[in-house]
Structures are given as C-alpha cells and as structure tokens.
1. Looking only at the stretch A:95-110, decide whether some residue is basic (Lys, Arg), more than 9 Å from chain B (Cβ to nearest Cβ), surrounded by fewer than 22 Cβ atoms within 10 Å (Cβ to Cβ) and outside any helix (DSSP H, G or I).
2. Determine which single condition B:Ala484 fails, assuming it passes every other condition in (1) under 19 Å from B:Ser595 (Cβ atoms); (2) surrounded by fewer than 17 Cβ atoms within 10 Å (Cβ to Cβ); (3) among the hydrophobic types (A, V, I, L, M, F, W, C).
3. Here are some residues: B:Ser413, B:Ser433, B:Ser408. Which one is among the hydroxyl-bearing types (Ser, Thr, Tyr), within 25 Å of B:Ala465 (Cα to Cα) and either within 29 Å of the chain's Cα centre (by Cα) or at pLDDT 95 or above (or both)?
4. So if I check each of B:Ala48, B:Ala21, B:Ala25, B:Ala96, which one is part of a strand (DSSP E or B) and crowded, with 18+ Cβ neighbours inside 10 Å?
5. From B:Leu62, B:Leu37, B:Leu73, B:Leu83, grab the single residue that is more than 10 Å from chain A (Cβ to nearest Cβ), in a strand (DSSP E or B), among the aliphatic types (A, V, I, L, M) and crowded, with 18+ Cβ neighbours inside 10 Å.
6. If you check every pair at least six apart or on different chains, which have Cβ atoms under 9 Å apart with a residue in the stretch B:252-277 that is more than 14 Å from every other protein chain (Cβ to nearest Cβ) and crowded, with 23+ Cβ neighbours inside 10 Å first and a residue that is among the acidic types (Asp, Glu) and outside any loop (DSSP other than H, G, I, E, B) second?
7. Take the conditions touching a Gly at 6+ places or on another chain (Cβ under 9 Å), within 13 Å of chain A (Cβ to nearest Cβ) and touching a residue at least 12 places away in the same chain (Cβ under 8 Å) and apply them to B:Ala44. Does it pass?
8. Conditions: (1) surrounded by fewer than 23 Cβ atoms within 10 Å (Cβ to Cβ); (2) more than 11 Å from chain B (Cβ to nearest Cβ). A:Thr92 meets all but one. Number of the miss?
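The values are calculated or read from the model by the stated rules, or taken from the named source; none is laboratory data. In this text, all values refer to a predicted model and were calculated from it rather than measured experimentally. Every residue, glycine among them, receives a Cβ derived from its backbone with ideal geometry; neighbour counts consider all protein chains shown.
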Amino acid sequence: MTTENSSRTSTVPETDSEEYSSVNPATDMIDCKLSRRDFVKTVGYFTGAGALGLQLISVETIVECAPLEFSASAHTVELTVNGLVHKLTMDTRVTLLDALREYLKLTGTKKGCDHGQCGACTVLVNGRRINSCLSLAVTHQGDQITTIEGLSGGEELHPLQTAFIEHDGFQCGYCTPGQICSAVALLEEARRGDASFVTPDLAHTGRVELTPEEIRERMSGNVCRCGAYPGIVQAVQTASRTL
Amino acid sequence: MNTIGKPISRVDGKLKVTGSARYSAEFDMPGLCYAVLVQSTIPAGRIAGMDDSLARKAAGVLAVLTPENAQRLPGAEKRLSLLQDNQVYYNGQPVAVVVAEKLEEAHHAASLIKIRYSVSAPKLDFVAGFPSSHPGNHNGEPGDMSWGDVDGALKDSDIKIDQVYTTPIHHHNPMEPHAAIAQWNGDELTVHESAQDISGHRAKLAKLFGVQESNVRLICLFVGGGFGCKGPLWSHVPLAAMAARQVNRPVKIVLERPQMFGPVGARPRTHQRLTVGATREGKLTAIRHEVHAHTSVIEDYLESSAFPTRVMYGCPNVSTIHRIVDLNLGTPTYTRAPGVATGTYALEVAMDELAYKLNMDPLQLRLLNYTENDPQTKLPFTGKHLRDCYTRAAERFGWSNRTREPRSMRDGSQLIGWGVATETYPANRRPASALVRFKPDGRVLVATGTHEIGNGIYTIMIQTAADALNVSPDLIDAQLGDTALPPAPITAGSMTVASVTPAIQTAAERVRTRLLQMAVADSGSPVHDASVDEVDFKDGLIFRKLSPNRSEKLGDFIARNGGQPIEGIAHVEPDETLKQKFASHSFGAVFAEVSVDPDLGPTRVRRVTAVYDVGKVLNEKTARSQFIGGIVWGIGLALHEDSHMDARTGRIVNENLADYHVPVNADIGEIDVSAIDIADTHLNPLGARGIGEIGITGTAAAVANAIYHATGKRIRDLPITPQKLIA
C-alpha cells in the first residue's frame, strides 16, 4: 500500500494494524482508501491524546506540520565556564552540552544519550551536578559552570582525578568526565548531609558516611558501559578521605 | 626493565580524567558541518516517494541526500544502506541524510522530510522462521560439527536433560555513540571514525568509492567503547563521506542514542536446545546443542552459541548445530564474546540442571568431566589450568559452606543462592605490524595501527617496548589509531595483545640492533670498533658491556649522525601450524551469590568470585578492569539487557538507555577477580592469551544457577526479571 508519514518521529507504518497484517506478500501493493494519516487524525479528534500516544506523536507532525512556521531565533548569552566568560550568540535550541562541545570546543563533557539517561554530560552548575544535555544554554546567563576541564589547577589534578587513575575507575574513558563531575558534587552533598535512598538514618544530620553502598547509589546516574564500577567506588571512597 | 605484569596505571589516564582525550567527533576543522540520518519507519518494502522540499528550504541546510539524488558508488554492497536504491530491509534503515551548518538545523530539517512507503509483509517472527532457517559459519568455522554417535548415546544414557534456553536481542550501547568526520581533498578521503578496525574500514571505504586504499586515511585515537559494534563498517560512515563530497566540506555525523538500536549491529536472539546425556555417576555421554539465531535479510551473521560446547568438557558424542533465521531487522554482529556468552549460558545452566538431577555438587560434576585435551580434535591445549581456577575460586568464594537444597540459604527475608559456571574463550592471534623509533630528542616512539578501546593498549605497548629495549617507560611514547601507521588487526576477539606485542618486540629488537650497528661503525662513538655483541643499549645510553663508563646518550649519538630518527619496523605473522599441534583457549571459574526478594522478585548479585587462566597477565591493573567489565556484562545478560522488538513494525521500542537496562553502579556488588598467571608462550613470546571477553562467559549461567539455588525456580529465558520470578 502506498501511504505517507513523517520520517523521524513515527515508528509505526502509516497503515492501521489490520491492513498491515493483511498485506499479501504476493501482491505487495494494495490501495489504501483511508490513509493512516486520516485514520489517526479522525481517531485523534475523538479519543484525545491519551490512548494513542505513539500514533498521536506522528499525527502532530503530519497534521500540523508545525515546523513550517518555525524560525530559529538567535539569542546572545554570556556563559561563565570554568571562570571564563564567553559571549555567544546562538540558536535558542542549543543545549548547554552542545554549547560546550560544539561552540566552546570544551569537548571534555561527553554526549552519551542526549536524553539525561546516562550522565556522560554531567557538569556542575553553581556547584550542583546537572545533565547538561537537558538544559538549554540560553538559560544559563550568570551561572557558574564547571566542566571537567575546570577541575584541575593546571598540571595539578583534582584528588578525584588522581583517585580515578589510581583505582582504574574507567576503561574507555568516555563516561569518565561525567563520573568525576558527578563525584565532585556527590562529596559536597554527603558533606552537607543530603540523604540518599540507602541512607540508613534519615533523621541523622551532618556528614553522611560514604560507604560503598552509599557511593554506588549516588553514582548510579552515571552509566559506565565498560563496567568499571568497583574502581569508581574505590576512587570516590579514597578521594572522600582526602578531601 | 621489568614492567610486564606490574599494576601500572594507564599512561592515557591523565588525558581521560581531564577530558583531554580526543574522541572521534571531537576534531574541529574549518567549514565543519553536520549530518543527521533519516531512518525508515517500516520494516520491509520500498520508498514510493520522498518529499524533501521543506527540508531543502529550511534554514542552514546545505544538502539533502536521498535515494533519488545520492552519488552512485562503484563498490556499493547490499549489506550497507547507502541510498543506492529505494528498497527497505529493516526499520531504522538509513534512507536519507540531511546536512546543515548547525546540528540543530540538521535535526530540524530531517524532521521535515515526508516519505511514502510501499509496505511489504515483513519477516519478524523468529520462531515461525525456523522451518526456513539455513546453516552458516562463523569466521570461517562451520556452524555444524559432530563427533561420535549422539542419538545412540542419548538413548543409552542413564540420565537426560532436554531443555530450551533463550536469550534476547542485545544492543552494544558503548557510551560513545558511533561517530565520524569525513573530509575529501580531491580524491583523498580522511575519516575520523570511532572504529575497532581502521584498516578494515579503510579498505572498505576505498572499494566503495573506487579509490586507492592509499588515498583513504582513518584516524581513531580513542574509542569510547565498542564491544563489537564498531568492528564492521556501517552505513553512516560512507554516508558522511558521500555528504562531504557533495557539500565539499568536512561533515560530522554522530548517531543519536536511538540510532544505536538498529543500523549498527546487535547480539542476535538465540533459541538453544540442549540435550545432555550422562551416566548415573555423572560422566557425560552425549551433548546435542542446537542453536537458532537470527540475522538480517541483507547479510548473514551466525551467533556461534554452540562453539563452547565443542571445547568445554570431555564427552565422546557431541553434536553442535546452528541455523540462521532471516528477519527484517538490522544485521546483527559480534558482541562481547560472540556466541560464547550466550552459549556458555545455556550449556552451563544445563550442567547445573544435570547436577541437581544426579544429586551431585555442580562443581564436582564439572571436575568429573574435566578434559586435558581438546575433546573434538584430541589435541593438547597450549596451556590449561582450569582445575586450579576451580580450586582457587571455590576457596576464595567459600563454596564448601553451600547447602545444596534450593531455598535452603537465607539472609533475613531474602533468599540467598550460590551458583557456579565454567568460563572459556578461544585464544586468537592475527598478523600485525609495528614500528619502534629512536628519536633525536632521546625519546622512543612505539606505534601500530591498533585501537585504544579501554583495553589499556597504550600502556601495554609502552610496557612491551620498555622491557624489549631496557628503557624506562617514562621515556617512551605510544601512538596508535591511524592507518598511516603500520597496520594492526581489528580490535576484537580478545586478540589485540596477542597480535600486537610480538610485532612490537620484533621491531624493538630490529631498531636496537640497527642502533648498535651504527654505533660501532661510527668513529665518533665511544663504542667504535667494538663488535655488536660487545655493546649494549639501556636506559637511553649506548655503552660497552665490559666498560659501561664508555657510553653515549642516545640523543647525542643521533645528533652527531645527521639528526635523523632510527627506526625498526616489523610485520609478524602467527604460526599457522600451531592449530595442527594444539588447541588454544582461555578458561576460568566463576561463582556468584545472589539475593532474591521472595515477594517482589528482584535479584541482586551480591558478590562474584572468578579466577582465570588467560596465560600471562601483562598489567595487573588494566587486566582486573577487563575481567570486572566482562562480569558486569554477564550480570547485564543475566538480569537486565533486553531489546524489545515491536512484532508489527520491527522497531526496537526501548531504544534508549532508560528503557534498555544496562547495569548501573548500584547493580554491582563485590567482585573478586584474579588470574593463575602462567605464561602460554606457544601463542606468543609474552605468553598472553587475551582477556577482553572471557569475563562475560559463564557469568550469566553462574547468576542463573544461583537464582535457582535461591528460589527453586529455573528460568530458561533471559533476562531473569522480577516478573518471571514471581509468576
């Protein structure tokens, strides 16, 4: 059958499932009276957005074709990264991660998933760890942003960087900058007394003891596909003793 | 120097922890622009029409490549999707490429392309495809191999196990997505690519574009993980090169995470039937291992799950059979311990089932069927110390404290289980080349076109050269990942060290000899007129053995002799006759402790102990990480990883890292790994057999067996998720 869809957002062929399964492999072309586009549009009007979430995503793209109206706007922002102020005029769609990597050429911060699911892009904003892929660059005017490049003082490594090398808390190294930035914030969170899911006593105030279990839990937003987790835990524990 | 074996920290560690290690998407060049892939949304059929008019008009767009307008490639092949025709073979297949000034512009424009498809009935039902499945081979080894009389022996067996074990589709998901930057200069193509096989990719790109291999250069200084998926050349790389040619600028393409679930390989789904016969005393009499695994409709790939059954135990009657089912999915490929990871899961769970049926300790059953020779060829092993692995690992784990009955061990409300499995991986080696260069500044360069993928090869290269030359590692630099260097094989199959270090040793020996020959011939040298045997080179000094004070610094010698570097290059081939004399495999024993929540079902792997026989360990620190990494993958195989395919559309529905579960830090407990560390010099002079993959083998079975011990439930379908345990 000949149908139509938008290429990037839909994962469903533009035909309803009955027609789809009834396709005869011998006569692979079938005329389709009601195109899927019309079909879901109709259904969409009557059912609302809930029940057919997946299909409606494609409907939105096809029916509204919103991008036609879209025009990117440029915006000027001053980003303070590792103590240096950079004045950038950028498309407002640029994420903080892409601003760092593609505009400022600070490629130490990594893109792993672009969806806030892997932690490779972790940076510190005003001392807190965030996934820079989930944040638009233009929202960071005035913020203090610290990336992996800003942790060491020249030749002198940050104690966490030294500990990651010593305990081999990485293999390929791609998740490492995110792991280390995450760990820097972790140490501060523990010092402050922030509880985690595994903290035994939530009434306790003051510094949290960083047991291996606490570290594992608090580092679980940073995926390491090489599986260097035991080394990461050792490195964070070692650094927590020296800082 | 004596650096081999020492726990030396990675020489590239500082680059990695400071964010200075440069991965393939991180090279900047004038005019760099961005390409984004458009993928098919149907599993089979053809593109009936494509409307790219909006995309072409969108801001910043430089080009839209479609099947209609794309450059026709002289060497195009069906396995790649290079817009040469309008056929669609799987959902997620690249069908267009948008190039724009900025990444955001390319993304947006890609969303504006409208495609009409003519849909064919796809082949997506794995089991329904069994009747039309076909045989295949894996790296030239036949999928089918048998010895003895399996049917007869099974009929006469006292005890029989006959079960089906299944494993799902996995996607490699290295943290660094596939990435390439392609740039043409006339007929010369340079590609920065995250690749495990720069030489192989160079050859393929040259063929595709009809240019000389010498006109193509691949560069890859660091691979942000690969696990097999960056071994083959996939479509996005030639597509980036096509785009670069069209816009006449360097083009960068980085796959988005969802694009890692289709066009760049997978571990195929397997269906494994194991029929095992034994005597009442526990001696194996027959094993039949029948495997079905899927491939795509455009290329054969065989998941060789029954291969480990050919080598693991002494058994007089064995039959190993593989059948491939063609499906409208992206082509699967090598995934960490291809075949062996899935195969040892099935075989080692079947052994556990047999042990319970025999009322025998599962470790005892394995020792009872221990083999000193390769069971198929009867050849001796180049080295096998598996018995020591069992003994040492059992002791470290405390196996003797295990109570046999399922559900007999508890910790509070949690059920505790202990399981064991055997691990194995073949020892591979391929031809490799290397150069060692004495530089005018007195430093030494060691270089080969291999790949740093987390294996620690920068460090191992320097250790190898340091020991071969008697030079401090601090004086040595390593270079790799460039086809301008002497070529090395694909970084896969746990063979990098076994292949590359002999080439480095030979090159080092050559450059050392050359230096000493030049020195004794040089009238200005303090060693002039001595014979080469009477002089030596150590720690940067050339000297007479009998009067070491008569010495000269390497840098001074080179400066006086024209200031040119002195170089040794070697190409070294493995001994092909070795296979006629020996079988060569690594082995290991792995023990796991799990806790299972009897009410809610989640399993936690509390601790794993493994001991490996992998020949000589070249660096205790990096080796430990390789073993642990393999075990973490084994835990993912047992408990987490599962790509769900939509049965109608052939799309992977959990194509992201929130829904495709890989182990995170909190999933991993204590891991205790060690090695027997006895050199196996049959394979190479250093006696190393490779360690990248053995850790995943056996581990999933040890976990599955521990879960049975904890719960009394035998789950034969991976991953073992909570709902399967409380069902």
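1. To start, the set of residues in the stretch A:95-110 that are basic (Lys, Arg) comprises A:101, A:105, A:110.
Among the residues that remain, those that are also more than 9 Å from chain B (Cβ to nearest Cβ) are: none.
No, because not a single residue in the stretch A:95-110 is basic (Lys, Arg), more than 9 Å from chain B (Cβ to nearest Cβ), surrounded by fewer than 22 Cβ atoms within 10 Å (Cβ to Cβ) and outside any helix (DSSP H, G or I).
2. For B:Ala484, the exception is condition (1).
3. Working: B:Ser413 fails: within 25 Å of B:Ala465 (Cα to Cα); B:Ser408 fails: within 25 Å of B:Ala465 (Cα to Cα).
Of the residues listed, the single one that is among the hydroxyl-bearing types (Ser, Thr, Tyr), within 25 Å of B:Ala465 (Cα to Cα) and either within 29 Å of the chain's Cα centre (by Cα) or at pLDDT 95 or above (or both) is B:Ser433.
4. On the way: B:Ala48 fails: crowded, with 18+ Cβ neighbours inside 10 Å; B:Ala21 fails: part of a strand (DSSP E or B); B:Ala25 fails: part of a strand (DSSP E or B).
Every option except B:Ala96 fails the conditions.
5. Working: B:Leu37 fails: more than 10 Å from chain A (Cβ to nearest Cβ); B:Leu73 fails: in a strand (DSSP E or B); B:Leu83 fails: in a strand (DSSP E or B).
So the residue among B:Leu62, B:Leu37, B:Leu73, B:Leu83 that is more than 10 Å from chain A (Cβ to nearest Cβ), in a strand (DSSP E or B), among the aliphatic types (A, V, I, L, M) and crowded, with 18+ Cβ neighbours inside 10 Å is B:Leu62.
6. Pairs that qualify, where the first residue is more than 14 Å from every other protein chain (Cβ to nearest Cβ) and crowded, with 23+ Cβ neighbours inside 10 Å and the partner is among the acidic types (Asp, Glu) and outside any loop (DSSP other than H, G, I, E, B), are B:Gln272/B:Glu290; B:Leu274/B:Asp162; B:Leu274/B:Glu290; B:Leu274/B:Glu353; B:Val276/B:Asp162; B:Val276/B:Glu353; B:Gly277/B:Asp156.
7. Working: touching a Gly at 6+ places or on another chain (Cβ under 9 Å): yes; within 13 Å of chain A (Cβ to nearest Cβ): yes; touching a residue at least 12 places away in the same chain (Cβ under 8 Å): yes.
In short, yes.
8. Every condition holds for A:Thr92 apart from (2).
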